[in-house]
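A quick write-up on the structure given underneath.
The values are calculated or read from the model by the stated rules, or taken from the named source; none is laboratory data. Keep in mind it's a predicted model, so treat the numbers as computed, not measured. Backbone-built Cβ (ideal geometry, glycine too); neighbour counts: all protein chains shown. Accessible surface areas use protein heavy atoms only, side chains included; no ligands, DNA or RNA. Shrake-Rupley method; radii C 1.70, N 1.55, O 1.52, S 1.80 Å.
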Amino acid sequence: MTAIPKFTRRSFLISSAALGGGLALGLRLPPFGPAVVRAADGSPEITVWVAIRPDNTTLIRAVRAEMGQGTITGLAQLIAEELDCDWSKVEIEYPTPGQSVARKRAWGEFSTGGSRGIRQSNEYVRKGGAAARMMLVQAAANEWKVSPSECTASNSVITHKASGRKTTYGKVAEAAARLDQPKDVPLKDPKTWKIAGKPLKRLDTAKKVNGTMEYGMDLKMPGMLNAAVKDCPVFGGKVKSFDAARISGMRGVKKVVQVGDSGVAVIADTWWNAKTALEQLPVVWDEGPNAKVSSADIAEVLKEGLDAEQAFVGNKAGGDVKAALAGAAKKVEAVYSYPYQNHACMEPMNATVRWTADRCEMWGPTQNGEGAFAQVLEASGLPADKVDVHNVMLGGGFGRRGTYPNDYVTQAVLIAKQMPGTPIKMIWSREEDMAHGRYHPVMQCKLSGGLDASGNLTGLHMRLSGQSILAAVRPEVVQAQKGRDPLSFQGVFESGEHSLTYTVPNLLVDHAMRNPHVPPGFWRGVNINQNAVFIESFMDELAEAGGQDPLEFRRKLLGNSPRALGVLNAVAQKIGWSKPAPAGVYRGLAQMKAFDSFVAAACEISVKDGNKVKVHRIVAATDPGYAVNPAQIERQVAGSFVYGLSALFFQECTVKDGRIEQTNFHNYNSMRIAQMPKVETILMPTGGPVWGGIGEPTICVAAPAVLNAYAKATGKRIRSVPLKNHGIELV
């Protein structure tokens, strides 16, 4: 391995970003030329994405994180499709960030978030598979002394058409690995796909079913100890003092340590012993200036921003919005709000670290191996060639285990440094996980719409007031945008993957940034969740004020967005919008563009006693451009509705005395199987140059569709969530 000079986390991230645009296939470890790079089991590497065993097994490399969304299977399908290999003999191998850094980021981006796992890497992984196939065919042609154009490849077998001679990938892999990689690598037309685009079974299912899948909390290592950690319950607070002597004699306790400025940890033989001792550890906290902040205080700050003079513009069209609203035949106004929410991964934050003076390694669940690598690099104090991260299956991610902030990774390293040479598995309790999330940002929204005498929308002002995620985690982006957080406008932005699909003659969408002390983070779907509730609920309010059908009202505004209109029409037709609903059943719909996909939902609900809501069915249409595994897309759509409907009905994190009040699932609930509606997925990929996301886009349309149906059923418009705060139950 080539030695790499020591550098900081910041310089690592900057250099990684700079290199990201110049990804080259097949970067090889020295020496160059005929030397063969090998997989962990000695199999020859054909390209960085493919290694072939002599028995014809294909090892496909994956660097994105798997957390239940199916990304690894989808990426493997894309590589296998171009490779023309035997799918039944595909296995996955996971390179580490340290290996990638040593090879000048040969595998590119490790991050799995923003629905980017497949859409961002599809082209270069496909080329990795295609290049490998070309090299294998070339190796066979060289052996037979024929032109590669006379040979075909299928199911890991190469055939010389003229003579009928055959060989396997495994037999020519060694020779293929010594060839120069082709510079011109054409890709297949998706219309010809035989592996990609098909509803194949996931590669990770069997281990999950038989119990052999290893998650971060399952890790066991010789001599390993366990750590429980507690951070100051008030964000921004610090440790003032603690009395280690009071618990040092308790069962299994090995050491009591401070973790940074704000945390303490107990290291013990078992995690339960560590947790039990930590609960009895006397700690005095310096809670700092935020110790008296409440949800009511935060709400007042946001309320002020709704009418503030200064705001950052995210979308503007037409002329003077104020004049258009003032001259409207009818003006409609509404104020909406959206709360803090926790990711509540079923597996709490955890990491296992072994630190010595010349080596530091982490084993654990992360959505971004490179981001975790950077955190380990910084916290360990070691150079990059003495650091590595080994990712394992995630027991849920939803954005919490992404690059920002990776706080749990830093904690684990700081704890392990205080017991050199001993592997330390640090696990957060559920209570710690609830108290120290990186929460879905709190937001309020004031909408003002103007209608002409015919009920047509002539002007719309959407004022957001609330928290910026990027200001907290990537302030350099906000600085480059002159103070604006572009992600705050997801779903209603002026252009790009989250652009507003409606065409409004006079439009202004702006954001009064108000950043409370509670740390925000990327929560599945991110800002499309609240923005969809705001804009799609208000569209129904405008339609009602204009005496129009909500579907027809939207159709008029979607003339310049045929794909958005396509998914909206699809759900309307499937739900039977043009026909009367069954007695006691009410319908609602919503649509949005998010992560370069177009999504829509239509639902049917019934309401008993004014507050008991039964969601009977949701029809969901998705146009992601391309569908790599249709069966997995259906599961992702349904799964996103579990998350979205749970947030709508139950989930809110409130602040009292500067800290989060919710501590576990008894006061931060999730919907149950019996409450889950029937989900009917319409998959309608339209192709084109842009690939859209899957895991995050559809989450946002369930909530406004249900809210719109509830308004029809009861005549009451709910403008704040969760619905439990209004006495509304999901049955």
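Of note:
- The number of residues in region 113-137 being open to solvent by 10 Å² or more (accessible area, probe 1.4 Å) and of a type in the set (V, I, T) comes to 2.
- All positions within region 146-185 that are open to solvent by less than 80 Å² (accessible area, probe 1.4 Å), of a type outside the set (D, E, K, R) and either out of contact with any strand residue (DSSP E or B) (no Cβ under 9 Å at 6 or more places or on another chain) or farther than 16 Å from D84 by Cα (or both): V146, S147, P148, S154, S163, G164, A175, A177, L179, Q181, P182, V185
- Among the residues listed as W272, W285, the single one being open to solvent by 40 Å² or more (accessible area, probe 1.4 Å) and in a helix (DSSP H, G or I): W272
- Test set (1) open to solvent by 60 Å² or more (accessible area, probe 1.4 Å); (2) assigned to a strand (DSSP E or B); (3) in contact with a Lys or Arg (Cβ under 7 Å, 6 or more places away or on another chain) - K240 fails condition number: (3)
- Of all residues in region 497-508, those that are surrounded by fewer than 21 Cβ atoms within 10 Å (Cβ to Cβ) have Cβ atoms under 8 Å from Cβ atoms of residues that are outside any loop (DSSP other than H, G, I, E, B) and modelled with pLDDT under 95, 6 or more apart or on another chain, in T503/A317; P505/A317.
- Matching residues in region 394-406 - criterion: being modelled with pLDDT of 95 or more and open to solvent by less than 30 Å² (accessible area, probe 1.4 Å): L394, G395, G396, G397, G399, R400, R401
- Among the residues of region 630-642, not a single one is surrounded by 20 or more Cβ atoms within 10 Å (Cβ to Cβ), touching a helix residue (DSSP H, G or I) at 6+ places or on another chain (Cβ under 7 Å) and among the aliphatic types (A, V, I, L, M).
Here's the yes/no breakdown for (1) basic (K, R); (2) in a helix (DSSP H, G or I):
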site	(1), (2)
I535	no, yes
R555	yes, yes
G559	no, no
G566	no, yes
A583	no, no
G588	no, no
A602	no, no
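- Filtered by the rule that a residue be open to solvent by less than 50 Å² (accessible area, probe 1.4 Å), touching a Cys at 6+ places or on another chain (Cβ under 9 Å) and not hydrophobic (A, V, I, L, M, F, W, C), region 643-694 gives G644, Q662, Y668, P677.
- Matching residues in region 643-671 - criterion: being assigned to a loop (DSSP other than H, G, I, E, B), in contact with a helix residue (DSSP H, G or I) (Cβ under 8 Å, 6 or more places away or on another chain) and not hydroxyl-bearing (S, T, Y): F650, E652, G658, Q662, N664, F665, N669, M671
- In summary, strands (runs of 3 or more DSSP E) completely within region 312-368 and bearing 1 or more residues that are in the same structural domain as A512 (by TED's automatic domain parsing) and open to solvent by 40 Å² or more (accessible area, probe 1.4 Å) occur at 312-317, 330-338.
- All helices (runs of 4 or more DSSP H) inside region 61-145 with 2 or more residues being more than 19 Å from K198 (Cα to Cα) and in contact with a strand residue (DSSP E or B) (Cβ under 6 Å, 6 or more places away or on another chain): 97-102, 122-144
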